[in-house]
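Working notes, beginning with the structure itself.
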Amino acid sequence: MSDQPFIRVEDVHRDFHMGEETVHALDGVSLSVVQQESLSVLGPSGSGKSTLLYLLGGLDHCDAGRIWVRGQEITALDENGLASYRRQQVGFVFQSFNLITTMTALENVMFPMIFARVPAARRRERGERVLKMVGLADRMDHRPTELSGGQQQRVAMARALVNDPALVLADEPTGNLDSQTGAEVMAILSRLNEEQGCTLVVVSHDPLVVEYTSRSIHLLDGHVVDGSPAVVSPLEGG
């Protein structure tokens with residue numbers, strides 16, 4: 001494991017303009033995450049946690065500040081560079097699952113591999129492997145409408161992991177699930193973090209997720225609050 005942070009966020013700002021009002025979604029956030037760590041980012045709606053996740057995933061641009069992932073400054077990348085970064089480095093798990101309803105579970109999981117130009121035979125092999133990892137060996141041919149919410153989220157997790165990303169980002173992964181199913185989903189994410197060696201960042205308003213991650217921080221009104229030095233690492237040269 002490298003001594004350098006896997007993720008380094010330095011004085012990041014992100015504003016949204018709503019009419020004449022400016023909302024400071026992130027207002028000078030700095031933090032670091034080490035390789036293979038699992039971090040939960042908690043906070044109420046509007047705290048900036050999902051905005052932070054989208055910036056880490058290269059889905060949005062900050063207004064000021066810099067972000068590095070694996071030593072690469074993603075805030076300096078153009079759109080093509082960000083697309084390559086997302087495709088090669090990042091797996092996303094969303095609250096709403098975002099599955100394609102006309103595809104089976106296996107087809108949904110194989111879909112991202114098409115863009116990664118993985119050969120068809122290899123796509124099926126890898127898709128079946130990750131679905132077995134999340135406990136869906138007997139649901140591969142089922143479409144999303146034939147699956148429970150928890151099973152759909154497991155498909156979404158398998159899809160996020162199928163290209164062996166170094167970074168997995170989960171946005172409210174328990175948000176559409178009851179507490180028991182949410183706990184099961186978090187337990188699987190935690191296990192996959194350990195077994196796959198990926199770095200995991202989960203954002204949620206649900207305090208349950210803290211039990212399944214090695215560390216947590218809290219955001220409020222775009223600021224990191226109640227963080228200790230072990231949670232928000234001082235950044236040199238900032």
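Quickly run through segment 106-122 and pick out the residues that are in a helix (DSSP H, G or I) and either over 23 Å from Asp138 (Cα atoms) or charged (D, E, K, R) (or both). Lay out the reasoning, then the answer.
In the first step, residues of segment 106-122 are kept if they are in a helix (DSSP H, G or I); the result is 106-115, 120-122.
The answer is Glu107, Ile114, Phe115, Arg122.
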* Asked: Going by the conditions given, is Glu73 in contact with a Lys or Arg (Cβ under 8 Å, 6 or more places away or on another chain) and more than 30 Å from Gly135 (Cβ to Cβ)?
  -> yes
* Selected residue (criterion: farthest from Cys198 (Cα to Cα)) from residues of segment 87-141 that are among the β-branched types (Val, Ile, Thr) and in contact with a Gly (Cβ under 9 Å, 6 or more places away or on another chain) -> Val109
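Counting only residues that are among the charged types (D, E, K, R) and under 11 Å from Val162 (Cβ atoms), how many does segment 97-123 have?
Step one: list which residues in segment 97-123 are among the charged types (D, E, K, R), which gives 107, 117, 122-123.
Retained after the next criterion (residues that are under 11 Å from Val162 (Cβ atoms)): 122-123.
Result for segment 97-123: 2.
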* Residues of segment 164-183 being part of a loop (DSSP other than H, G, I, E, B) and out of contact with any strand residue (DSSP E or B) (no Cβ under 6 Å at 6 or more places or on another chain), which ones? -> Asp164, Ala166, Thr174, Gly175, Asn176, Leu177, Asp178
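Please go through segment 109-129 and give me each residue that is within 21 Å of Val202 (Cβ to Cβ) and either at pLDDT 95 or above or surrounded by fewer than 18 Cβ atoms within 10 Å (Cβ to Cβ) (or both), ordered by number.
Val109
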* **Single residue of Gly149, Gly175, Gly135 found to be surrounded by fewer than 20 Cβ atoms within 10 Å (Cβ to Cβ), at positive phi and either of a type outside the set (S, T, N, Q) or free of Cβ contacts under 8 Å to residues at least 12 places away in the same chain (or both)** => Gly135
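Per-residue answers, yes or no, for (1) modelled with pLDDT of 95 or more; (2) out of contact with any Pro (no Cβ under 9 Å at 6 or more places or on another chain):
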position: Leu161; (1), (2): no, yes
position: Leu167; (1), (2): yes, yes
position: Ser179; (1), (2): no, yes
position: Leu192; (1), (2): no, yes
position: Glu195; (1), (2): no, yes
position: Leu208; (1), (2): no, yes
position: Val225; (1), (2): no, yes
position: Pro229; (1), (2): no, yes
position: Ser233; (1), (2): no, no
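When you scan segment 184-227 for strands (runs of 3 or more DSSP E) that lie fully inside it, which ones turn up with 1 or more residues that are over 15 Å from the mean Cα position of the chain (by Cα) and not acidic (Asp, Glu)? Steps first, please.
Working: elements: 199-204, 215-220, 223-225.
Result: 215-220, 223-225.
The values are calculated or read from the model by the stated rules, or taken from the named source; none is laboratory data. Everything numeric in this text was worked out from a predicted model, so none of it was measured. Ideal geometry is used to build each Cβ from the backbone, glycine not excepted, and the neighbour counts take in all protein chains shown.
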